[in-house]
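In what follows, a single structure is set out as structure tokens and then discussed.
The values are calculated or read from the model by the stated rules, or taken from the named source; none is laboratory data. A quick note: this is a predicted structure, and the numbers were derived from the prediction, not measured. With ideal geometry, Cβ positions are generated from the backbone for all residues, glycine too; neighbour counts draw on all protein chains shown.
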Amino acid sequence: GAVVSQHPSRVICKSGTSVKIECRSLDFQATTMFWYRQFPKQSLMLMATSNEGSKATYEQGVEKDKFLINHASLTLSTLTVTSAHPEDSSFYICSAPQLASTDTQYFGPGTRLTVL
Amino acid sequence: GDSVTQMEGPVTLSEEAFLTINCTYTATGYPSLFWYVQYPGEGLQLLLKATKADDKGSNKGFEATYRKETTSFHLEKGSVQVSDSAVYFCALSKTQGGSEKLVFGKGTKLTVNP
């Protein structure tokens, strides 16, 4: 099946710094990628939809200036958590649908962010 | 808004036991329904899906039937194995802004003991 990778898998940073997380589709092109956040024992919550060549679409309540998304190519989307604070600590997951079947998404393994 | 409710875990079973994980949904229109599985240390993987009422999705011995009258998509397996230990997520998809978006339940952790 299709493969989506994320980097890094785990990151620890100091409060006030920015962290960039990469999401790559390894064997297919994705004009759209999704970014989710998962709290312990909670569901995945969609944060934003990343669109190649245009601005990301953010879900209600998600700060676009804090969570910067760039979809630079058909295989790469990045999420930058700016001026991170401890409450931003979470598990961030990306997904991408293959072009031919948009209702089936392929998920990355996730990135564990810990802000001290 | 659209939502998915699945049974609280964790669920612990012995090998070869019967598994049911309940999932109900609230949605406008006719969403597609999914079960995703997350094995330890890995990303979510699609387990099965159904796109219309009365469809049955199946994979790896797991089954779920899209029941519109009860708005349910319960996951079942007749005989679980230790390798089925994972977290299972029920989800629905909706089209918004021209793209398909997934709405997830909270997940149910399954542990199968030998």
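Kindly indicate whether B:Ala27 is among the aliphatic types (A, V, I, L, M) and at pLDDT 95 or above. Can you show your working first?
Details: among the aliphatic types (A, V, I, L, M): yes; at pLDDT 95 or above: no.
Taking the combined requirement at face value, the residue does not satisfy it.
Which number in (1) under 26 Å from A:Gly110 (Cα atoms); (2) of a type outside the set (A, V, I, L, M, F, W, C); (3) more than 11 Å from every other protein chain (Cβ to nearest Cβ) marks the one condition that B:Glu76 misses?
The single condition B:Glu76 does not satisfy is (1).
Given the criterion modelled with pLDDT under 90, surrounded by 13 or more Cβ atoms within 10 Å (Cβ to Cβ) and more than 14 Å from chain B (Cβ to nearest Cβ), identify the matching residue among A:Phe67, A:Phe28. Can you show your working first?
On the way: A:Phe67 fails: modelled with pLDDT under 90.
Residue meeting the stated conditions: A:Phe28.
Could we say that A:Lys41 is within 11 Å of chain B (Cβ to nearest Cβ), among the charged types (D, E, K, R) and outside any strand (DSSP E or B) here? Before you say what the answer is, go through the steps one by one.
On the way: within 11 Å of chain B (Cβ to nearest Cβ): yes; among the charged types (D, E, K, R): yes; outside any strand (DSSP E or B): yes.
Judged against the criteria, A:Lys41 is a match.
Between A:Val4, A:Val19, A:Val11, which is crowded, with 16+ Cβ neighbours inside 10 Å and within 11 Å of chain B (Cβ to nearest Cβ)?
Numbers: A:Val19 fails: within 11 Å of chain B (Cβ to nearest Cβ); A:Val11 fails: within 11 Å of chain B (Cβ to nearest Cβ).
Answer to the check: A:Val4.
Is it the case that segment B:28-42 has a residue that's more than 13 Å from every other protein chain (Cβ to nearest Cβ) and in contact with a strand residue (DSSP E or B) (Cβ under 6 Å, 6 or more places away or on another chain)?
no
Regarding A:Leu46, is this residue aliphatic (A, V, I, L, M) and within 12 Å of chain B (Cβ to nearest Cβ)? Break it down stepwise before answering.
Details: aliphatic (A, V, I, L, M): yes; within 12 Å of chain B (Cβ to nearest Cβ): yes.
Yes, satisfied.
Give A:Leu116, A:Leu79 a once-over and let me know the one that is surrounded by fewer than 19 Cβ atoms within 10 Å (Cβ to Cβ) and more than 9 Å from every other protein chain (Cβ to nearest Cβ). Talk me through it step by step, then tell me what you get.
Details: A:Leu79 fails: surrounded by fewer than 19 Cβ atoms within 10 Å (Cβ to Cβ).
Checking each option against the conditions leaves just A:Leu116.
For A:Gly53, state whether it is more than 12 Å from chain B (Cβ to nearest Cβ), closer than 20 Å to A:Asn70 by Cα, surrounded by fewer than 18 Cβ atoms within 10 Å (Cβ to Cβ) and not hydroxyl-bearing (Ser, Thr, Tyr).
Values: more than 12 Å from chain B (Cβ to nearest Cβ): yes; closer than 20 Å to A:Asn70 by Cα: yes; surrounded by fewer than 18 Cβ atoms within 10 Å (Cβ to Cβ): yes; not hydroxyl-bearing (Ser, Thr, Tyr): yes.
Considered against the rule, which asks whether it is more than 12 Å from chain B (Cβ to nearest Cβ), closer than 20 Å to A:Asn70 by Cα, surrounded by fewer than 18 Cβ atoms within 10 Å (Cβ to Cβ) and not hydroxyl-bearing (Ser, Thr, Tyr), A:Gly53 comes out as yes.
Of the residues that make up segment B:51-61, is at least one at pLDDT 95 or above, in contact with a Ser or Thr (Cβ under 6 Å, 6 or more places away or on another chain), surrounded by fewer than 17 Cβ atoms within 10 Å (Cβ to Cβ) and over 22 Å from A:Gly110 (Cα atoms)?
yes
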